[in-house]
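The structure under discussion appears below in the form of C-alpha cells.
We did not get these values from a lab; they are worked out from the coordinates using the rules stated. Just so we're clear, the structure is a prediction, and the values are computed from it rather than from any experiment. Positions of Cβ are generated from backbone atoms using ideal geometry, with glycine treated the same way; all protein chains shown enter the neighbour counts.
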Amino acid sequence: MGERALGERGVGERGVGERARPPDRPGTGHDRDGPPDRSHPMPRAATGTGGTGLPRADIRLEGAGLPRAGTGREGVALPYTVLSCCISLDGYIGSATGGRLLLSNAADFDRVDAVRAGCDAILVGAQTIRSDNPRLLVRDPERRAARRARGLPETPTKVTVTSGADLDPDAAFFTTGADRLVYCPSGAVPRAVARLGARATIVDAGPELYLPSVSADLARRGMHTLLVEGGGRVLTQFLVADIADELHLVVAPVFVGDGQARRFVDDGRFPWHPARRGRLAGVQQIGDVAFLTYALSDRFVGGTEHEGSAR
Ligand SMILES: NC(=O)c1ccc[n+]([C@@H]2O[C@H](COP(=O)([O-])OP(=O)(O)OC[C@H]3O[C@@H](n4cnc5c(N)ncnc54)[C@H](OP(=O)(O)O)[C@@H]3O)[C@@H](O)[C@H]2O)c1
C-alpha cells in the first residue's frame with residue numbers, strides 16, 4: 001500500500017485537519033505548538049507481504065510519509081495525548097525480573113477502561129508487549145456498545161513502536177481487538193513484515209523512529225485521542241518531547257525496593273523542573289491507590305475523574 005495523503009483514512013473517519021479533542025470532551029480551542037522542528041526524512045513507500053503463514057486478513061505495509069515534527073504548525077494537530085501509568089511508592093513501574101508487576105486495583109483498572117473507551121488509539125512500547133502481554137481492549141460491554149453506537153470500533157486501534165520487531169505474533173496485542181499498527185525504522189521493516197505483517201499494519205518510520213512523528217502520523221490517520229500506557233521508555237519520550245496533554249499517575253501503596261526494576265522514566269531533559277513546575281490538576285483516592293492528574297499542556301481540560309464504579 002502506498003503512502004497516504006493527509007486525512008485519507010482513519011478511525012472514525014474524521015478529517016485530520018480538525019482540532020484534536022480529549023476523550024469524550026469538546027474541543028478546547030487550543031492546538032499545541034508542537035515539539036521542536038527537527039528534520040525527519042520522508043521514508044519511502046514500500047510494499048510487502050507477511051511471511052508467517054498467518055491469516056491474511058490484515059496484511060499491510062505502509063510508508064508512513066512521516067511528517068516533520070512541529071506538525072501543529074503545519075496543519076495537523078497532534079492527537080490529544082494522555083499518558084497513563086501506575087507507580088510504586090519508590091517510583092517503579094515494573095519488576096526487576098521483567099515479569100508483570102500488578103500495582104493497581106480493580107476499581108482503578110475500571111477507571112483506565114473508561115479512559116480507553118474514550119480514545120481512538122492506545123500505544124505501548126514493544127517491551128511492555130513482551131513483558132506484560134497486554135490485550136489493551138475496552139473490557140466493559142456497555143462501553144464497547146457505546147463506542148459501536150458512535151460508529152467506532154469496539155476497542156481503540158492498538159499501536160506499538162519497535163526498533164527490532166522482535167515481537168511474538170501470538171501475543172495478545174496481535175490476537176485480540178481489531179486495528180493494530182506497528183511502527184519501526186526502515187531497517188526493521190522486512191523482519192516486521194515477516195513476523196507481524198499478517199496481524200498488523202507495518203509502518204515504515206524512516207531511518208530513525210521519532211515519537212512526535214509517529215504521533216503526527218496517527219493524527220493523519222484520523223486518530224484524535226491517544227492513550228499511552230507505557231512503559232517507561234515510551235513515556236519518557238512523550239514527556240521529553242512535550243507532546244502529551246495529560247498525565248494520569250496512579251501511586252500504589254507498595255515498594256519494589258530493587259534498583260534493577262523499571263523506573264517510571266529514564267533520565268532526560270523534561271519540560272518540568274524546579275524552575276518550571278508542572279500543574280497538578282486532580283487528586284483522587286481510588287481504594288488503596290492515589291490517582292493524580294497532571295495538566296501537561298494548554299489543551300488540558302480535565303474531566304477524567306473516576307466515576308466511582310468498581311465493576
Ligand atoms: N505500571 C505501569 O503502569 C506499567 C505500564 C506499562 C508497562 N509497565 C512496565 O514497564 C516495563 C517496560 O517498560 P520499558 O521502558 O522497558 O519499555 P517500553 O517503553 O514498554 O518499550 C520500549 C521498547 O519500545 C521500542 N521503542 C521505544 N522507543 C523507540 C524508538 N524511539 N524507536 C524504536 N523503538 C522504540 C523498543 O522496542 P524494541 O526493543 O523491540 O526495539 C524499546 O525497547 C515493563 O516492566 C512493564 O511491566 C508498567
### Message
Looking only at region 75-295, where both bridge partners belong to it, what percent of the DSSP beta bridges are antiparallel (to the nearest 5)?
### Response
35
### Message
Students often check this: by mean Cβ neighbours within 10 Å, which of 133-145, 235-247 ranks highest, and how do the rest follow?
### Response
235-247, 133-145
## Note on the structure
Binned at 10 Å starting from 0, the alpha-carbon pair-distance distribution of region 75-295 in whole percents comes out as 8, 33, 39, 18, 2
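Most exposed first by the Cβ proxy, i.e. fewest other Cβ within 10 Å, how do 202, 87, 286 rank?
In increasing order of surrounding Cβ atoms, one gets 286, 87, 202.
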